[in-house]
Amino acid sequence: MSLYLYIHVIILISMNRLPLLFLLLFLSAYVSAQVIYNRQDSLRGAITAERAWWDLNYYHLDIAVDPDSKTIEGENTIHYKVLKEEQVMQIDLQAPLRIYKAVQYGEQLNIKQEGSVHFITLVAKQIPGDVHNIQIFYGGKPQEAMRPPWDGGITWKKDNNGLPFIASSCQGIGASIWWPCKDHMYDEVDSMLISVTIPENLMNVSNGQLRSTEINKNGTKTYNWFVNNPINNYGVNMNIGDYVHYSENFAGEKGNLKLDYYVLRYNLEKAKQQFMEVPRMLKAFEHWFGPYPFYEDGYKLVEAPYLGMEHQSSITYGNGFQNGYLGRDLSDTGWGLKFDFIIVHESGHEWFANNITYIDMADMWIHESFTNYAENLFVEYYFGKKAGSEYVLGTRKNIKNNYPIIAPYGVNASGSGDMYYKGGNMLHSIRQIINDDAKWRSILRDMNQHFYHQTVTTAQIEDFISEKAGQNLKPIFDQYLRDYRMPVLEYLKKGKILEYRWGNVIDSFNMPVKVSVGGKENWLTPTTNWQTINLNSAKGIFKVAPSFYVGTLNISGN
Ligand SMILES: [Zn+2]
């Protein structure tokens, strides 16, 4: 909020033009917008010294889940490589779950707990280059997810037959809501074994490939899922239910990709119809972004007791076997009902979130803006360029321009929800500037190859696109990602002369823009200084091409 607005409100109130109640509402909204971060946020969101000295190699998460008592009991064995000689290791686990003990080479280690953070002092000397492992034993009643997938935790539901239907979801809040780990996105584990023991009448589906199952003597069954690729923390998941399974093969760019579907027993026929969307989606996205990034782990679509999430190689699905977003068209153009939003959007994240992953959650736009943009590329692939463009423009009504898309770094914070629709529209605007569809597609494909299985910063993405485009796009990213305002092209027509400049922008903003005057197209390169152009005619209407996400203001008022 600007100081100017604040003073204006105070003056109106002092003039008795606004009631006091309004002042109170206003101030409380103002205070709630000013987030104050604490030490727990920093310990959670920063690459602390106790994290930086070791590199994750391998996790074996081995847990038993009891639906009756809603508890998890088990251990995580963490294999790591020493990068720097240190003795204190940070492991995260959120209450009410508890770490019972940490063991290295048979020795129980000292743990100093500070909120969700556990500082574990190692006894064995940690010499750079050495590879070690540590076992973390834990358990208890994990936090329940109240509004999954937005708040995170465990969802304990029952299916229509009264059988347990359970799932984890933890984007944002972090994987440490249900298992102990290095809960920061910068360091992805190289591979992982997920062993989940459950009542034997149920099935567990996690990430990667099902390596084996074991029947235990106590009426339980263990599912061992192996992930053969680097995976981010929030991508790891478990889904427990009375599932039935079917599969098919997809002939993709990298060969044969196995598609496995897991749905509740009574939804099999509906799934067989609706999930025909999956090969259709893969065909479109491999065209735009290159090969699906996890062939070795296969592609799974798993029914879940909430809307959906981009869990790596096991997308979760709860969209009711219907097109749209729970049957709604987010663009109001009709195109949003031509596809299953959850299958298309969450699967799009395999490229932007799971293949190319943010290091810091502040840069979440890398996941959401590109995936939002992927929705229209899907529409474009099947219904043409005009349809795709109509879809992106249609979603603009959801943009708020309330605060920046990039949040503060180092505190596990995410920015404005504008990272979806405004981010998608920013990319659509950049596509217009590049003005070469083949180049645009090759940028998207090259990006997935260049940053294959990596964690990245916004700066890396900006530099990559600028370099490939052969244009410095930094001022455009700065405006759309680091400022909250929508650029406005201010103009003034004096006879044949048009004066123009960018308003409502940062000083360096200089986005080229396609305009038309009397139906004739022209490119302008406005800055924040006034420029003029001779239109050769005083007649005709001045318009900015609608594909650019900008406003216009005729400052002469006519
Ligand atoms: Zn998303």
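Of all residues in region 529-558, which are without any contact (Cβ under 8 Å) to a residue 60 or more places away in the chain, of a type in the set (A, V, I, L, M) and outside any loop (DSSP other than H, G, I, E, B)?
Looking only at region 529-558, we keep the residues that are without any contact (Cβ under 8 Å) to a residue 60 or more places away in the chain, and these are 529-544, 557-558.
From what's left, of a type in the set (A, V, I, L, M): 533, 535, 538, 541, 544.
Listed by number, the residues that qualify are Ile533, Val544.
Among the candidates Lys422, Lys439, Lys397, Lys468, which residue alone is charged (D, E, K, R), open to solvent by 20 Å² or more (accessible area, probe 1.4 Å), within 19 Å of Asn372 (Cβ to Cβ) and touching a residue at least 24 places away in the same chain (Cβ under 8 Å)?
Working: Lys422 fails: open to solvent by 20 Å² or more (accessible area, probe 1.4 Å); Lys439 fails: within 19 Å of Asn372 (Cβ to Cβ); Lys468 fails: within 19 Å of Asn372 (Cβ to Cβ).
The match here is Lys397.
For Ala304, all conditions in the list (1) surrounded by 24 or more Cβ atoms within 10 Å (Cβ to Cβ); (2) within 16 Å of the ligand (Cβ to nearest atom); (3) within 17 Å of the chain's Cα centre (by Cα) hold save one; what is the number of the exception?
Result: Ala304 passes all but (3).
Would you be able to say whether some residue in region 459-466 is out of contact with any helix residue (DSSP H, G or I) (no Cβ under 6 Å at 6 or more places or on another chain) and at positive phi?
No, because not a single residue in region 459-466 is out of contact with any helix residue (DSSP H, G or I) (no Cβ under 6 Å at 6 or more places or on another chain) and at positive phi.
I'm checking my understanding of the structure. Among residues of region 328-367 that are hydroxyl-bearing (Ser, Thr, Tyr) and closer than 30 Å to Gly45 by Cα, which one is nearest to the ligand (Cβ to nearest atom)? Show your work before the answer.
Filtering region 328-367 for residues hydroxyl-bearing (Ser, Thr, Tyr) gives 331, 333, 347, 357-358.
Add one more test, that the residue is closer than 30 Å to Gly45 by Cα, and what stays is 347, 357-358.
Numbers: Ser347: 10, Thr357: 13, Tyr358: 12 Å.
Only one residue tops the list, namely Ser347.
Among (1) exposed (fewer than 13 other Cβ atoms within 10 Å of the Cβ); (2) outside any loop (DSSP other than H, G, I, E, B), where does Pro96 come up short?
In the conditions (1) exposed (fewer than 13 other Cβ atoms within 10 Å of the Cβ); (2) outside any loop (DSSP other than H, G, I, E, B), Pro96 misses (2) alone.
List pairs: first in region 341-364 and at positive phi, second open to solvent by less than 10 Å² (accessible area, probe 1.4 Å) and away from the ligand (no atom under 13 Å from the Cβ), Cβ under 8 Å, 6+ apart or cross-chain?
Ala353/Asn232
Which ones in region 307-334 are under 19 Å from the mean Cα position of the chain (by Cα) and not in a loop (DSSP other than H, G, I, E, B)? Step through it out loud before you land on a result.
Within region 307-334, the first condition is being under 19 Å from the mean Cα position of the chain (by Cα), and the residues that meet it are 307-319, 325, 330.
Result: Gly308, Met309, Ser314, Ile315, Thr316, Tyr317, Tyr325.
Do you know which residues across region 402-419 are more than 16 Å from the ligand (Cβ to nearest atom) and either over 30 Å from Thr48 (Cβ atoms) or without any contact (Cβ under 8 Å) to a residue 40 or more places away in the chain (or both)?
Asn402
Is it the case that region 260-276 has a residue that's of a type in the set (A, V, I, L, M, F, W, C), part of a helix (DSSP H, G or I) and touching a helix residue (DSSP H, G or I) at 6+ places or on another chain (Cβ under 9 Å)? Give the steps one after another, and end with the answer.
Filtering region 260-276 for residues of a type in the set (A, V, I, L, M, F, W, C) gives 263-264, 268, 271, 275-276.
Imposing the further condition that a residue be part of a helix (DSSP H, G or I) reduces the set to 268, 271.
Narrowing the set further to residues that are touching a helix residue (DSSP H, G or I) at 6+ places or on another chain (Cβ under 9 Å) leaves none.
Within region 260-276, not a single residue is of a type in the set (A, V, I, L, M, F, W, C), part of a helix (DSSP H, G or I) and touching a helix residue (DSSP H, G or I) at 6+ places or on another chain (Cβ under 9 Å).
Of (1) open to solvent by less than 30 Å² (accessible area, probe 1.4 Å); (2) in a loop (DSSP other than H, G, I, E, B); (3) of a type outside the set (S, T, N, Q), Pro291 satisfies all except one. Which?
(1)
Filter region 57-85 down to residues that are buried (at least 21 other Cβ atoms within 10 Å of the Cβ) and more than 18 Å from Ser195 (Cα to Cα), then give me how many there are.
The qualifying residues number 1.
Could you give me the residue pairs with C-beta distances under 9 Å whose first residue belongs to region 115-131 and is open to solvent by less than 60 Å² (accessible area, probe 1.4 Å), whose second residue is aromatic (Phe, Trp, Tyr) wherever it lies, and which are 6+ apart or on separate chains?
Ala124/Tyr105; Gln126/Trp53; Gln126/Trp54
The values are calculated or read from the model by the stated rules, or taken from the named source; none is laboratory data. Because the structure is a prediction, the values reported are computed rather than measured. No Cβ is skipped: glycine too gets one built from the backbone with ideal geometry, and neighbour counts run over all protein chains shown. Surface areas here come from the heavy atoms of the whole protein model, side chains and all, with no ligands, DNA or RNA. Shrake-Rupley method; radii C 1.70, N 1.55, O 1.52, S 1.80 Å.
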